[in-house]
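The structure under discussion appears below in the form of structure tokens.
The values are calculated or read from the model by the stated rules, or taken from the named source; none is laboratory data. All of these numbers come straight from a predicted model, not from anything done at the bench. Note that we place each Cβ from the backbone using ideal geometry, even for glycine, and neighbour counts take in every protein chain shown. Surface areas here come from the heavy atoms of the whole protein model, side chains and all, with no ligands, DNA or RNA. Shrake-Rupley method; radii C 1.70, N 1.55, O 1.52, S 1.80 Å.
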Amino acid sequence: MKYMLIMRANDEGYAAYDELDFTEIIAAMGAYNESLMKAGVLLAGEGLTDAAEGFVVDFDSTPPVVTDGPYAEAKELFNGFWIIQVSSKEEAAEWAKRCPLGPGTRLEVRRVTELEDFPQDNEWIQKEAGWREELEGKAAGTNS
């Protein structure tokens, strides 16, 4: 099963982060990422830039409205993620609890849907399965 660990922070988390030594933060995250890799569970993981560099596409109107960040109405922001492949929800929780985050931050952990979760006789699910096979083939060809 794949799970996404979604890192979120509020104002308290940002204030605490500003008080920490950046080198120590990188070392702690590096050690955490290394433990995920050595265990063979890490599939992906990325941090995100400051919200001021982002934008929101709001679909409440037609055409959708694009608004630049930061997002004043947000109580907490999505700062990064990991995607891990584990055998159970409990294992995902164990990995999440090891993440070196502090007060004002949290991880939202959600299972990533897989093609098998959808009706296999659906035309679009069948097309997506083909697209994924094609992409995997291309990726395998570039890694040799």
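Tabulated values for the structure
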{"quantity": "Boolean, Ile25 is outside the structural domain of Ala9 (by TED's automatic domain parsing), surrounded by 12 or more Cβ atoms within 10 Å (Cβ to Cβ) and of a type in the set (A, V, I, L, M)", "calculated": "no"}
{"quantity": "Positions within the stretch 71-98 being more than 12 Å from the chain's Cα centre (by Cα), modelled with pLDDT of 90 or more and assigned to a strand (DSSP E or B), in sequence order", "calculated": "Gln85"}
{"quantity": "Candidate set from the stretch 107-135 (those that are part of a loop (DSSP other than H, G, I, E, B) and acidic (Asp, Glu)); member that is nearest to Glu12 (Cα to Cα)", "calculated": "Glu114"}
{"quantity": "Some residue of the stretch 30-42 being modelled with pLDDT of 95 or more, on the phi > 0 side of the Ramachandran plot and open to solvent by 50 Å² or more (accessible area, probe 1.4 Å)", "calculated": "yes"}
{"quantity": "Near pairs, Cβ below 6 angstrom, 6+ apart or cross-chain, from the stretch 39-63 (assigned by TED's automatic domain parsing to the domain that holds Ile84) to any residue that is loosely packed, with under 10 Cβ neighbours inside 10 Å", "calculated": "Phe55/Val66; Val57/Val66"}
{"quantity": "Residue within the stretch 99-106 that is assigned to a helix (DSSP H, G or I) and either open to solvent by 60 Å² or more (accessible area, probe 1.4 Å) or within 30 Å of Ala16 (Cα to Cα) (or both) present", "calculated": "no"}
